[in-house]
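Participant: Right, I'll just put the structure down here and ask away after.
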């Protein structure tokens with residue numbers, strides 16, 4: 001990928017209900033599937049994802065350029081899963097209403113399944129609809 005070859009440490013492409021694809025200079029390609037929610041409104045989903053990704057990177061202490069470049073695939077998967085879960089929660093609400101950090105009890109020691117399960121539980125929904 002040209003952006004990685006040009007020096008970017010991380011390139012992320014959000015794909016709505018299909019989740020996210022990311023390319024990392026060291027960790028390679030990673031895909032994270034979005035939890036299934038009843039979509040009420042997609043306004044703010046991208047902003048929610050970006051904000052949550054930055055929160056996750058900060059909590060992992062991978063927000064600085066060198067630290068980001070050195071992150072592991074497990075750390076990247078956790079950060080992306082957290083961000084996708086927050087975006088899914090936003091889509092399960094009317095209006096641009098992203099979750100507060102206190103609503104998502106995930107931390108880097110949680111498994112990916114725990115984060116996805118929590119997002120579904122908070123949203124209170126199990127089916128995707130548009």
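Only the coordinates and a few stated rules stand behind these numbers; no lab work does. Remember, predicted model here, so these are calculated numbers, not experimental data. FYI the Cβ positions are ideal-geometry reconstructions off the backbone, even for glycines, and counts take in every protein chain you see.
Participant: To make sure I understand, if each residue's beta carbon is the centre and we count other beta carbons within 10 Å, what order do 36, 58, 66 fall in, fewest to most? Mind showing how you got there, number by number?
Facilitator: Numbers: 36 17, 58 12, 66 8.
Ascending Cβ contact count within 10 Å gives the list 66, 58, 36.
Participant: Provide the FRET efficiency to the nearest 0.05 for the residue 3-residue 102 pair, computing r from the beta carbons and using R0 = 41 Å.
Facilitator: Working: r = 34 Å, r/R0 = 0.83.
According to the calculation, E is roughly 0.75.
Participant: At 0.36 nm per residue, and after removing the present C-alpha to C-alpha distance, how many nm does the segment from residue 66 to residue 15 gain when stretched out fully?
Facilitator: On the way: separation 51, 0.36 × 51 = 18.36 nm, distance 2.70 nm.
Stretched out fully, the residue 66 to residue 15 stretch lengthens by 15.7 nm.
Participant: Same structure, new question: Taking 30 Å as R0, compute the FRET efficiency from the Cβ-Cβ separation of residue 58 and residue 33 and round it to 0.05. Don't skip to the end; give the middle numbers.
Facilitator: Working: r = 24 Å, r/R0 = 0.80.
The calculated FRET efficiency here is 0.80.
Participant: Here's something else I'd like to know. What ranking of 71, 40 emerges when the number of other C-beta atoms within 10 Å of each C-beta is taken as an exposure proxy, fewest first? If you can, show how the numbers build up before the last one.
Facilitator: Working: 71 21, 40 16.
Ordered from fewest to most neighbouring Cβ atoms within 10 Å, 71, 40 come out as 40, 71.
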